[in-house]
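Novice: Handing you this structure, nothing more for now.
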Amino acid sequence: MWHWKPCLTHDKPPLHHPKDCTRGQLGVSVRVWFNLEIAMNLESNTTAKATVLVVDDSPDNLDLLNELLKDDYKVKLANNGAKALVVAESGKPLDLILLDIMMPDMDGLEVCQRLMANPATRHIPVIFLTGKVTVEDEKRGFDLGAVDYITKPISPPRLLARVKAHLSLKEARDSLERRNLEDKLRFELAMAQQVKLNTLKSTFVSMTTHEFRTPLTTILSSQELLRHYAGRLSPQQRDDALDHIEDAVRRMVTMLDQVLTISRADANLLEFRPKPVDIPALCERLREEAVAGQSLPGTEAEALLALTVEMDDPMAHADEKLLRHILGNLLSNAIKYTPCGQGASFLARREVNELLFEVQDQGIGIPSDDLPRLFGNFHRASNVGDIPGTGLGLTIVKRAVESHGGTIAVASELGSGTRFTVRIPLFQS
């Protein structure tokens, strides 16, 4: 075995000065070892250099160890225990510490003890360097947290092999810890999603129990009326009973469609398929559908929801189905929450890089406390009273806007009305 007996001290016999072990001799020795390493086809380290802290009160020992390690590792030096602790606790985390035991003021055992007591440094492998070691010394060092002992005089091949082995072990341990942390985070995320899903299911059951009761009651009473009293009803009364059934079914279908849309959005399954859309024509159809249920003459329907379109080019790439979700819900709400006799406005405008839609009503407004939660699942403003609704419409609107990469803003004043502004980027294809 090859030793540097005259150049690296024990704890602490007389030491030959570095002049006695010349730089030329040291360089040759190191180069020979590195050439042997290359010749043996040992795996080269292509990743960032590991950081090794060398702690020894002998400047000669620090100098020699630095010379041995610096080509493969980033080396930091400390000539006493106090400085070693400062280096270990500051800057980039260390990967390994070579720690001399016999030092004045604070010996290596105390340094190791303090390192292991600090959560920020307890993970750093510590290899003791010592000139003599007993079984009791070894036991105490390992009990304190050291991973290895290297005795002086130092054998360069042994030192480099031990350093490389413990750095590999640390890398494997760190990798395992990272994977464990990633697995833990994935598990926690899955649990959070499951809790959210369970809450959504519970809220849905509660909501449907309440919201479905009214249309189902309407259907039941209307069919009983038709079944038992059809002969006594006028044609208009029979038509009214059938209309009530149709309206109730539509209401339930709408609620189910909203819940399914939210479920697809939560599962990242809300499809986005942009294609050329005639925006003015779509807006006109949506306006007609929004006022269709009001049973008003044409002039009054126009006053109920006024449409303004400002577009030189009527065509734009967008997902028509999602646009229907966005604008249909906003228009329905504008009419629903506006008192009779007061109108709402609907603006569609093409700007430089986006489509702008604005829906303004003169309705009851939204309390300021409700605005931060306005787009949450099943949330309804505190002042809606008996006005029917599921609290899902605006959630769907926001998800559909986000699918387009757009934004939605709301401004509202109690008793004066609400304005929703939607901006959707223009797609070229």
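The values are calculated or read from the model by the stated rules, or taken from the named source; none is laboratory data. This one's a predicted model, so the numbers in the text were calculated from it and none came from an experiment. Note that each Cβ is placed from the backbone with ideal geometry, even for glycine, and that neighbours are counted across all protein chains shown. With ligands, DNA and RNA removed, areas are computed over all heavy atoms of the protein, side chains included. Shrake-Rupley method; radii C 1.70, N 1.55, O 1.52, S 1.80 Å.
Novice: Just list whichever of 74/170; 49/170; 92/170; 275/321; 74/139; 321/398 have alpha carbons separated by over 19 Å in the model shown.
Specialist: Listed pairs above 19 Å: 74/139.
Novice: 5 Å is the cut-off here: which amide hydrogens, built 1.01 Å from N in the peptide plane, fall below it relative to residue 76, excluding neighbours closer than 5 in sequence?
Specialist: It is 52, 53, 54, by chain and number.
Novice: Separate question: How many angstrom lie between the Cα centre of region 383-411 and the Cα centre of region 122-181?
Specialist: Measuring centre to centre over Cα atoms gives 60 Å.
Novice: Now for a separate question. Report the calculated FRET efficiency for residue 71 and residue 169 (r = Cβ-Cβ distance, R0 = 30 Å), to the nearest 0.05.
Specialist: The calculated FRET efficiency here is 0.90.
Novice: Continuing with this model, one more query. Given a Förster distance of 51 angstrom, what is the FRET efficiency for residue 370 paired with residue 233, based on the Cβ-Cβ distance and rounded to 0.05?
Specialist: 0.70
Novice: Within the accessible area of region 110-187, what % is carbon and sulfur when the probe is 1.4 Å and the other protein chains stay in place?
Specialist: Percent of accessible area from carbon and sulfur atoms in region 110-187: 56.
Novice: Oh, and also: Taking a quarter of the surface of the convex hull around the Cα atoms of region 383-429, what do you get in nm²?
Specialist: 4.3 nm²
Novice: Taking the alpha-carbon set of region 274-429, what are its Rg and Dmax in Å?
Specialist: Cα-based Rg and Dmax for region 274-429 come out at 15.1, 45 Å.
Novice: For labels at residue 86 and residue 383 in the simple 7 Å Cα→Cβ model, what's the distance in nm?
Specialist: 6.5 nm
Novice: 5 Å is the cut-off here: which amide hydrogens, built 1.01 Å from N in the peptide plane, fall below it relative to residue 277, excluding neighbours closer than 5 in sequence?
Specialist: 316, 317, 318
Novice: Can I ask one more? Return the Rg/Rh value of region 75-186, two decimal places, where both radii are evaluated on C-alpha atoms and Rh is the Kirkwood radius.
Specialist: When Rh is taken as the Kirkwood radius, the ratio is 0.99.
Novice: Please list, in order along region 148-165, the HN-Hα scalar couplings obtained from phi with the Karplus expression 6.51 cos²θ - 1.76 cosθ + 1.60 (θ = phi - 60°), rounded to whole Hz, x for Gly and Pro.
Specialist: Once θ is set to phi - 60°, the couplings for region 148-165 become 6, 10, 10, 8, 8, x, 7, 8, x, x, 5, 4, 5, 5, 5, 4, 4, 5 Hz.
Novice: At R0 = 41 Å, how high is the FRET efficiency between residue 150 and residue 185 if r is their beta carbon distance? Nearest 0.05 is fine.
Specialist: 0.60
Novice: Would you please state which residues of region 396-429 a label at residue 272 would reach in this model, taking the label point 7 Å out along Cα→Cβ and a backbone N cut-off of under 14 Å?
Specialist: 398-408, 423-429
Novice: So, one more: For region 65-140, just the Cα set please: Rg and Dmax, both in angstrom.
Specialist: Just the Cα atoms of region 65-140 yield Rg and Dmax of 12.5, 35 Å.
Novice: Express in whole angstrom the spacing between the alpha-carbon centres of region 319-379 and region 88-102.
Specialist: A separation of 62 Å, based on Cα centres.
Novice: Trypsin sites (Lys or Arg not before Pro) within region 98-194: which are DSSP loop residues with at most 16 other Cβ atoms inside 10 Å?
Specialist: Those that pass, being in a loop and sparsely packed, are 122, 132.
Novice: Okay, moving on. At a 1.4 Å probe radius, which order do 352, 309, 291 fall into by accessible area, largest first?
Specialist: Descending order: 352, 309, 291.
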